[in-house]
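Okay, so here's the structure we're looking at.
The values are calculated or read from the model by the stated rules, or taken from the named source; none is laboratory data. This one's a predicted model, so the numbers in the text were calculated from it and none came from an experiment. Positions of Cβ are backbone-derived with ideal geometry, glycine not excepted, and every protein chain shown enters the neighbour counts. Note: accessible area is taken over every heavy atom of the protein model, side chains too, but ligands, DNA and RNA are not part of it. Shrake-Rupley method; radii C 1.70, N 1.55, O 1.52, S 1.80 Å.
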Amino acid sequence: MTIIRNQKNSKRDDLQGIRGLAILSVLGFHFYPRQFPNGYLGVDQFFVLSGFLMCMLLTKSKKLPIFSFFTQFYIRRFKRILPLYFLVILCTVIALYTVFPTAAILQNQMSAGKALIFTSNRAHTEDEDYFEKLAVAMDLFTHTWSLSVEIQFYFIIPFIFLNWPPTKRSIQIHLLCMPLYV
């Protein structure tokens with residue numbers, strides 16, 4: 001029996017399996033926290049997979065002219081992520097204004113803005129607790145923190161990747177840009 005693989009489908013089954021386990025882990029954590037107390041590690045799996053795939057894609061396109069390198073990388077990422085992400089934010093804002101009380105609207109306006117510009121991983125205060133927010137549904141945009149981290153990663157890593165291995169000049173550039181990374 002011969003298996004004919006579709007040449008157009010470049011997704012690796014092993015990585016899809018890891019992605020599936022990560023999804024189950026996160027869902028288990030949110031729906032059955034006592035049975036899956038470490039389910040949040042699924043998010044870590046996503047970050048590792050994302051980094052691996054990003055480096056693989058960057059390696060394949062490193063020989064392109066610099067403008068093509070960046071445009072091709074960012075267009076592919078943003079076409080995949082942004083439409084659905086903005087749709088979720090829009091639907092959440094609509095639900096916020098139609099279903100939730102005024103107090104929730106005031107509490108979530110700033111969070112919606114942070115989600116739109118991918119900075120929802122930045123805490124409002126030092127003593128803010130992610131798990132408390134989830135338990136009482138205070139912030140409808142709490143879950144956008146992981147995508148904010150990923151998008152920030154997308155903005156930083158290609159620049160580092162292009163300047164690897166480091167030279168004296170690239171180290172100086174990264175040191176100058178360090179405040180932007182934080």
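In the range 37-82, which residues are without any contact (Cβ under 8 Å) to a residue 12 or more places away in the chain and open to solvent by less than 40 Å² (accessible area, probe 1.4 Å)? Answer for the range 37-82, where residues must be without any contact (Cβ under 8 Å) to a residue 12 or more places away in the chain and open to solvent by less than 40 Å² (accessible area, probe 1.4 Å): just LEU82.
Note on the range 57-91: residues that are farther than 16 Å from PHE118 by Cα and β-branched (Val, Ile, Thr) total 4. Scanning the range 83-132 for residues that are closer than 16 Å to SER148 by Cα, at pLDDT below 90 and open to solvent by 100 Å² or more (accessible area, probe 1.4 Å), we see that the one that is nearest to the chain's Cα centre (by Cα) is ARG122.
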